[in-house]
1. Debye calculation, C-alpha points only, no solvent: report log10 I(q)/I(0) for the range 36-93 at q = 0.26, 0.30 Å⁻¹, in the same order as the q values.
2. To the nearest 20 Debye, how big is the dipole of the range 36-93 about its Cα centre, given +1 on the beta carbon of each Lys and Arg and -1 on that of each Asp and Glu?
3. Loop only by DSSP, 15 or fewer other Cβ within 10 Å of the Cβ. Give me the chymotrypsin sites (Phe, Trp or Tyr not before Pro) in the range 1-37 that pass, ordered by residue number.
4. How about the range 1-59: which trypsin sites (Lys or Arg not before Pro) there are in a DSSP loop, with at most 10 other Cβ atoms within 10 Å of their Cβ?
Amino acid sequence: MGEGEFRAYNLDLLTRVMASCRDPRELENLLREVWTPGELRDAAQRVEVAAQLLEGSTYEMIAQLTGASTATISRVRRSVERGEGTLETALLRVGRGEGGRLRRRTWIAGGMLE
């Protein structure tokens, strides 16, 4: 098995294990067993950064609120922009956003278009 296949297998296994959790508390316990506290903080920070970006917050506001560096905010922005919309959908499901709604935004140089 090549390295790429091994990584794909590991990601598939991780995905299936996480999806097997029966409720949020069980998933939280699993995450605490698999990830270090630092990894959990980083992942949680990235989700908050994505939520703030989708809500239209500026980099400065996000950095102040989350403690994330502008480099991290930029990486998260690119991931959200290029992604399938899965994180946005998940944030909507948990009621995150003004009025429970997040509006998809398109980033352009120097700002965003609604």
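1. For the range 36-93, the Cα-only Debye profile gives -1.10, -1.31.
2. With only Lys, Arg, Asp and Glu charged at Cβ, the dipole is about 120 debye.
3. Taking the range 1-37 and a limit of 15 other Cβ atoms within 10 Å, the loop chymotrypsin sites (Phe, Trp or Tyr not before Pro) found are 35.
4. Numbers: sites: 7, 16, 22, 25, 32, 41, 46; in loops: 22.
In loop regions of the range 1-59 (DSSP not H, G, I, E or B), the sparsely surrounded trypsin sites (Lys or Arg not before Pro) are 22.
The numbers here are math on the coordinates, done by the rules we state, and not lab data. What you see is a predicted model, and the numbers here were worked out from it, not measured in a lab. All Cβ positions, even for glycine, are placed from backbone atoms using ideal geometry, and neighbour counts span all protein chains on display.
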